Amino acid sequence: MSGLLQIADPLRKGTPIGIDLGTTNSLVARVVRSKPECMPVDDAGGRLLPSVVYFDPATGLPRKVTYESVAIAGPPQPVEENFSDFRDVSGVKVPFRVDILQGGRPFAAVTVQDYKINTGLKPEGISTRP
């Protein structure tokens with residue numbers, strides 16, 4: 001399963017960042033002068049963030065992702081994303097509910113309305129606003 005999450009980098013107005021949540025490490029990148037750039041995630045300039053994906057042993061579906069947030073100010077905080085309400089969309093089981101905890105407290109609850117799988121989106125269309 002692959003997803004695209006667009007959030008704003010508060011230091012650069014209008015600059016989207018991308019988050020790659022991997023099973024061992026994650027990273028955060030943004031576009032600087034038309035080129036992708038991985039953002040440092042610690043004081044030493046490291047670019048990778050340890051992450052963990054938990055799978056449901058009965059279904060094999062991902063149930064939870066944990067990682068540390070990239071902090072603009074202050075120390076990184078633990079983040080936990082919990083996936084639920086899995087439904088079949090074009091033969092792929094995807095979560096329609098994501099609950100996010102940051103620093104052990106509820107941060108966001110996302111209910112997905114619709115998934116479009118293999119709709120013919122081209123890479124140049126990803127940055128185009130509707």
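Name the pairs: first residue in the stretch 85-107 and over 17 Å from Phe55 (Cα atoms), second residue aromatic (Phe, Trp, Tyr) and assigned to a loop (DSSP other than H, G, I, E, B), Cβ to Cβ under 9 Å, at least 6 apart or on different chains?
Val89/Tyr115; Ser90/Tyr115
For the stretch 48-85, which positions are modelled with pLDDT of 80 or more and part of a loop (DSSP other than H, G, I, E, B)?
Result: Asp56, Pro57, Ala58, Thr59, Gly60, Leu61, Gln77.
Which pairs have Cβ atoms under 8 Å, sit 6 or more apart or on different chains, and link a residue in the stretch 37-65 that is without any contact (Cβ under 8 Å) to a residue 24 or more places away in the chain to one that is among the small types (Gly, Ala, Ser) and part of a loop (DSSP other than H, G, I, E, B)?
Pro40/Gly46
Condition test on Ser51, is it farther than 17 Å from Phe107 by Cα and either polar (S, T, N, Q) or under 14 Å from the mean Cα position of the chain (by Cα) (or both)?
On the way: farther than 17 Å from Phe107 by Cα: yes; either polar (S, T, N, Q) or under 14 Å from the mean Cα position of the chain (by Cα) (or both): yes.
Spelling it out, Ser51 is indeed farther than 17 Å from Phe107 by Cα and either polar (S, T, N, Q) or under 14 Å from the mean Cα position of the chain (by Cα) (or both).
The values are calculated or read from the model by the stated rules, or taken from the named source; none is laboratory data. Since we're looking at a predicted model, the values are computed, not measured. Backbone-built Cβ (ideal geometry, glycine too); neighbour counts: all protein chains shown.
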